[in-house]
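Where a number appears in this text, it was derived from the coordinates with a stated rule and is not lab data. The shown structure was predicted, so the numbers you read here are calculated from the model rather than taken from an experiment. Every residue, glycine as well, gets a Cβ built from its backbone with ideal geometry; the counts of neighbours run over all protein chains shown.
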Amino acid sequence: MEATTDTLVIKAPKKSPLILRMVVLLFAMVCGVYICLVCLKQINTHTKTKFLNIIAINHQNQINQSCQVPDLEKSEIGYAHYPKPQTFKRDECACNPVRYFAILSMQRSGSGWFETLLNSHINVSSNGEIFSVRDRRLNVSSILKNMDKVYNLDWFSSASKNECNAAVGFKWMLNQGLMENREEIVKYFKKKGVSAIFLFRRNLLRRMISVLANSYDKDAKPLNGTHKSHVHSPLEAEILAKYKPKINATLLIRELEQDEEAAGKAVEYFNTTRHIVVYYEDVLNNRTKLNEVQDFLRLPHRELKSRQVKIHTTPLSNQVENWEDVEKTLKGTSYETFLHADYQLPSSPQSALTNFT
């Protein structure tokens, strides 16, 4: 019998895929951890850089905020400002303090001449009679808005010294919305640290003559058909000085009283603000008065000059058509001194202080 042998063939089992899977998983985990570490490092570096940048910016802000005037008295701190104009950058002058001021005066009191003297200082910008334009003084909001523009150094005029100003201001006549809005303006001056420079004329009769002569010039225009409130040549001054106004003697005393009262009230209303009272005649005859003004504005002393030429230089008796009536009216009154108080002009006719009407 032939034996039949059945052979059972058993193949070697395949390697388990579990090990392979474990290897792949381990590799993926290592790669993932590596990628996470790299990302975390980059995020940390970026955050650190950003943090350092913030520190640098804050440090710069602290520098700007810490600008102080050397040797500044404690009572004067509120009057040193560091404006940030919207129209330009102060650059290296950002830490130079700026003083705010306003020249408060009456027409024909020497304010135009006085302002040109201030503007001859390399660090001063006095921007003229900005409220002579009616639209700028229609209401308190308009007035405050225009003052903000001046004191933020965003008001440009021929007098602007731009970024390196040490004092900035303008000229303001008492009848240009100043007295009507005095309460709000006093608050503004005190809040903003604005210093007031009152400029008046002692001899109110001379001021009256100048007002009448200037009013005549507006209509007659003897200088080649043009009106000039201020002149820069002796010839022009001589032409304007030829006119002799006639003063209403009946109203003379009352008008002088009104002028005197207006000046007194202005100083009274602004008495709580930082201010100084200056008289045209004192500046005309005493150069040290200009040093006092520079000290008031905390400015380094400079020789101040003006190109304006004085118009009326002769005695008052030669400047009024009806002088006898005027003389008769003022004699025996508190204003009699105005008849004789002619200016003592400096010895040098070339002196800057001899200029103005």
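Some points to look at:
- Per-residue Karplus couplings for the stretch 163-180, computed as 6.51 cos²θ - 1.76 cosθ + 1.60 with θ equal to phi - 60°, are listed in order as 5, 9, 5, 10, 8, 9, x, 7, 9, 9, 7, 4, 8, 10, x, 5, 6, 5 Hz, Gly and Pro entered as x.
- Selection among HIS340, ALA241, ASN291 by position relative to the dipole of the stretch 227-344 gives ASN291 as farthest towards the positive end (Cβ unit charges, Cα centre).
- Relative contact order, percent, the stretch 76-354 [alpha-carbon distance under 8 Å, six or more residues apart]: 23
- Placed amide H near GLY169: partners under 5 Å, 5+ positions off or other chain: PHE101, SER125, SER126, ASN127
- Each Lys or Arg adds one and each Asp or Glu takes one away; over the other residues whose Cβ falls under 10 Å from the Cβ of ALA166, this sums to +3.
- Looking at the stretch 228-309, the GluC sites (Glu not before Pro) that sit in a DSSP loop and have at most 14 other Cβ atoms within 10 Å of their own Cβ are GLU303.
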